[in-house]
Structures are given as structure tokens and as C-alpha cells.
Amino acid sequence: MALVNAATLSALNTAIKKTFQRGLDSVEPEYTQIATVVPSSTASNTYGWLGEMPDMREWIGERVLNDIKTHGYTIVNKLYESTIAVKRTDIEDDNLGTLTPIVEANGKRARQHPDKLVFGALKNGHNQLCYDGQNFFDTDHPVYENHDGTGEVTTVSNLDYDPAGTDPSWYLLDTNNIIKPIIFQKRKDVELTSMTKLDDESVFMLDIFRWGARARHNVGYGFWQMAYMSNKPLTSDNLNAAIAHMQSQKADGGRELDIKPTLLVVPPELRAKALELVKAERLANGQTNINKDVVDVLVTQRV
């Protein structure tokens, strides 16, 4: 029987934190491929600058003051936790054989949580609002006649969705800009806290020791112009149409946005088709594949 005292608990605490960190380090996050990480120092961040930014112009006479339309788009940080409880009797009886994989898996899941949130935001973008008051993927985003968000309004789509369609959705993204399509707002990175004092209330009342992971963050949406969603069949024609549509996007005032799609995000069931479209040297008929390497492919079960 193991003696449960301050020394053994300190050693156990050190081992658990090391194992949890090993779980964190075992994951290579994918969310940074489609999300800009924005540090946060308060309960929420407001992204009033999302929308239109002025272009450079030849300076003749006085400066032209662009009265940029302000968007009250706010991302509120959320608090997340995961807790492991260990019975004191298991420590006394040296019955900790299953603890290591549980703790390591807990660390792994903690590191994967941003992936879950970011790709979940992409998947649900057709029913979640972005800075302009429309769903991130929508058919009627407003684009204004003037740079300052005034004048006649034209509606623009970044969604080709058939409600009766049976094909999986796929996503075309421009990820080479400073602000990517999704925003991951980080307030506090994940940390592990222990409750292992012999006089802790949980030890006295429940005869358990506890280790808890804690993090604060949330996700939101950047520029809708840099993303396109479709559930039409993933064919060469439909991919080319999506690329052309994204490249034709204009900002308020008619300014070219220089959108260049770089990443095709697909679920596992579209993996083979996506790789065939943009990675194969030749088409099925033997002709040269003009879309080879036109974009990269990211396959994830989270969309």
C-alpha cells in the first residue's frame, strides 16, 4: 500500500502535469491554416474595422478622409474546462495504471479544442452571423457603392447551397491574407491546476484528488469574401466557377480585392475527388489537368 502524503502527492502531481503536457504536444493543430489567432486581454474584442479599408491613391491636394463604416462585431470569450478526479483509495492501492492514458488523452483533447471550434464555425457558417449582419455564408451580403459604406447597395453571394442536395459541403478559402476567414480569439491558453492538498474539502468530503484544465477563447468570422461554401457536386466545372466567383469579389466602392483561393477544405468522403481534381497530373481522359496545384487540400472530419 502506498503512503499518501505530501511527498507522494507532489510526485504524482509532477507526473500528471508532465503527462498532460505530452498530450498537448502530441497534436499538430490544423485550425491555424484557416484562422487568424488574435490575442485578447479583456472579456471580449470588438472588430469595428471589419468591412471596408481604403486603398492607396495618388496624393494630389489634401488627403481624402475616408469615413469608414464601423461594424459592431464583437467576439465574447468563453470559459472551457475539463476535470479529472482520482480516488484516494486508488493512490493508496497503487491502482493508477489507467491514469496515464486518460491524462494524456485529456491533454490531447484540450489541444484539439480550437480545431473543433474553428472548423465548427466553418461548417456552420451558413447559419451564423458575421460583421455585416448576414450569415457568414449567404446569398445577399451587401456591397455599397461608396468606400464609406454609403450609396446604392448590391447583394453578393459566397454560398452555392442546394437545400435538397445530398452531396457533402466543401469550402474554398483564401488563407494568404493577414486576416483569414475565421478568427480564433485567445484570452488564456490551456493550463492545468491541481487540487491535491490533504486538507482540501474534496479530499475530506469525497476522498478524491482533482486536476482541472482551463482555457478561455472563442471563435468568430473575418472577411466573408475570402470564403465560399457549396454542396454542389465537387466537379472541375463547379470548382472553377467557385474560383472565378471569388476572384471577382469587390469591396465597397468597387475596389478589387485580389482574392486568390488557396485552400480547398473537404470532409473525408470527398478526399479522393478533391485530390483527383487538384493534384493529379492528368484527367481521366488523358488530358493535362489545368487545375493541378491550383489550391491545396485539407481533409478533416470536422466539416
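The figures follow:
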{"item": "Taking 132, 90, 140 and counting other C-beta atoms within 10 Å, the order from fewest to most", "result": "140, 90, 132"}
{"item": "Candidates per trypsin sites (Lys or Arg not before Pro) in the range 220-278, loop by DSSP, up to 13 other Cβ within 10 Å", "result": "255"}
{"item": "Computed helical MRE - 222 nm, the chain, DSSP H runs ≥ 4 contributing -39500 (n - 2.57), nearest 500", "result": "-8000 deg cm²/dmol"}
{"item": "Whole-number percent relative contact order across the range 168-247, with pairs defined as alpha carbons under 8 Å at least 6 apart", "result": "43"}
{"item": "Reachable aspartates and glutamates from residue 188, criterion Cα separation under 20 angstrom, eight or more residues apart if same chain", "result": "25, 28, 30, 81, 115"}
{"item": "At q = 0.25 Å⁻¹, base-10 log of I(q)/I(0) for the range 179-257 (Debye sum, equal scatterers on each alpha carbon)", "result": "-1.11"}
{"item": "Range of Cα positions in the range 199-303 per principal axis (Å), largest first", "result": "74, 43, 21"}
{"item": "Pairs beyond 32 Å (Cα-Cα), from 232/260; 180/273; 17/123; 186/273", "result": "17/123; 186/273"}
{"item": "Relative contact order (%) - criterion: Cα under 8 Å, at least six apart; region: the chain", "result": "22"}
{"item": "Cβ-Cβ FRET estimate between residue 11 and residue 43, R0 fixed at 45 Å, reported to 0.05", "result": "0.75"}
{"item": "Modelled FRET efficiency - R0 41 Å, residue 290 with residue 98, Cβ distances, 0.05 increments", "result": "0.15"}
{"item": "Relative contact order computed over the range 231-303 (Cα-Cα under 8 Å; 6+ residues apart), in percent", "result": "29"}
{"item": "Debye, to nearest 20: dipole size of the range 96-156, +1 on Lys, Arg Cβ, -1 on Asp, Glu Cβ", "result": "780"}
{"item": "Electrostatic dipole magnitude of the range 155-228 [Cβ: Lys, Arg +1; Asp, Glu -1; Cα centre; debye, to 20]", "result": "360"}
{"item": "When the range 96-156 is reduced to its Cα atoms, the Kirkwood hydrodynamic radius in Å", "result": "14.9"}
{"item": "Within the chain: Cβ-based charge dipole about Cα centre, in debye rounded to nearest 20 (Lys, Arg +1; Asp, Glu -1)", "result": "800"}
{"item": "Label-point gap, in nm, between residue 27 and residue 157 - each point 7 angstrom along Cα→Cβ", "result": "3.6"}
{"item": "Selected from 165, 97, 45, residue furthest toward positive end of dipole (the chain; charges at beta carbon)", "result": "97"}
{"item": "DSSP H segments from the chain that extend 27 Å or more along their own axis, Cα-based, with Kyte-Doolittle mean of -0.5 or above", "result": "6-25, 99-123"}
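Where a number appears in this text, it was derived from the coordinates with a stated rule and is not lab data. Note that this is a predicted model, so its numbers are computed, not measured. All Cβ positions, glycine included, derive from the backbone under ideal geometry; neighbour counts span all protein chains shown.
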